[in-house]
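Peer 1: Before I ask anything, here is the structure I am working with.
Read-outs throughout are calculated quantities, based only on the coordinates presented, and are distinct from any laboratory measurement. From a predicted model like this one, the values you see are computed outputs, not experimental measurements. Because the Cβ atoms are built from the backbone with ideal geometry, glycine has one as well, and the counts that use them run over all protein chains shown.
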Amino acid sequence: MKKARYLIIISLLLLVLLLCSCNQDDSVSKGSYENMYAHLVQMWAYNVQNGDGTAKIAFYGDSRVAGADWYSSYPDYDVVNLGIGGDKVEQTLTRLSLLDAYEVKYCFLAIGGNNALSDSFDAASFRTNYDKLLTELGNRNITVYVNTVAGVTKARASESKKNAKKSNNIKTVNSIITELATAHNMEIIDMASLMNDSDGYLKDQYAYSDGVHFSDAGNQYWFDTLESYVKAANEAL
């Protein structure tokens, strides 16, 4: 297992370096970026498969997932953090091989925030890709717990008209997520309703200073909310 973690760390470092270099170099085409991303994910999956490492319960998503310490929160459970900062639904489709490599049986899915906060957000494209993601997960016989996307703080949304529009996009994303999860008969964990105020903004006590990511209190609330689901999943293994 130590070997597996060592190889995974190397792959993650390579991925971070790649993403940083691509973000800083506008000459890198979208196609080249996607090809390199896919290649690195394949490397990561290969390392997992050859490192004797499996984890049956995955937390799958973007930086909110990546920034949460699932291992310390659930030390007695068979979990893995498969969050990557900046990921949209499109990227989670690209790296499904990681779930295969880990032989994941239960997936706590939390994705869509970066889509909503993108300048190029398109609801129709998001719907298509999210539907495809749920289909792919279902085809793998993975039990999926679909998390809705908590908003950004009121202060963050009020910084500009652009930010206000992006904040409203989160509501659109959650409407689509809820509709599709219901259609796929997947359980919904409505973190948006739990962590947002009555106006749909992330409560300040749950927010990091940037108004987007979760504070320690926000992460702890997430851990506490999911614990019964994680426990049940672990007992069913």
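Peer 1: Report ³J(HN,Hα) in whole Hz for each residue of segment 198-212, in order, from the Karplus equation J = 6.51 cos²θ - 1.76 cosθ + 1.60 where θ = phi - 60°; Gly and Pro get x.
Peer 2: 5, 9, x, 9, 4, 4, 4, 5, 9, 9, 6, 4, 7, x, 10
Peer 1: If you don't mind, another one. Using Cα positions and a limit of under 18 Å, work out the aspartates and glutamates in reach of LYS88, with same-chain residues fewer than 8 apart set aside.
Peer 2: The reachable aspartates and glutamates, counting only those whose Cα sits under 18 Å from LYS88, are GLU34, ASP62, ASP119, ASP122, ASP131, GLU136.
Peer 1: Simple spin-label model, 7 Å along Cα-to-Cβ: SER160 to THR94 in nm?
Peer 2: Placing both labels 7 Å beyond Cα along the Cβ direction yields 2.5 nm.
Peer 1: What Rg and what Dmax come out for segment 54-236 when only alpha-carbon atoms are used, in angstroms?
Peer 2: For segment 54-236, the Cα-based Rg and Dmax read 15.4, 47 Å.
Peer 1: Right, next: Can you tell me, using C-alpha contacts under 8 Å and at least 6 residues apart, the relative contact order of segment 101-146 as a whole percent?
Peer 2: So the answer I get is 67 percent.
Peer 1: Within a 10 angstrom radius of the beta carbon, how do TYR77, TYR60 rank from fewest other beta carbons to most?
Peer 2: With the fewest neighbours first, TYR77, TYR60 line up as TYR77, TYR60.
Peer 1: Relative contact order for segment 54-236: what is it in percent, counting Cα pairs under 8 Å that are at least 6 residues apart?
Peer 2: 21 percent
Peer 1: On full extension of the chain, what length is gained from ALA183 through ASP76, given 0.36 nm per residue of separation minus the C-alpha to C-alpha distance?
Peer 2: Contour length minus Cα-Cα distance gives 35.2 nm.
Peer 1: Round to a whole angstrom and tell me the spacing of the C-alpha centers of segment 136-209 and segment 74-128.
Peer 2: 13 Å
Peer 1: Another question, if that's okay. What's the Kirkwood radius of segment 97-186 in Å, using all Cα pairs?
Peer 2: 14.0 Å
Peer 1: Let me ask another. Give the value in nm², to one decimal: projected area of the alpha carbon convex hull of segment 142-216, averaged over all directions.
Peer 2: 5.4 nm²
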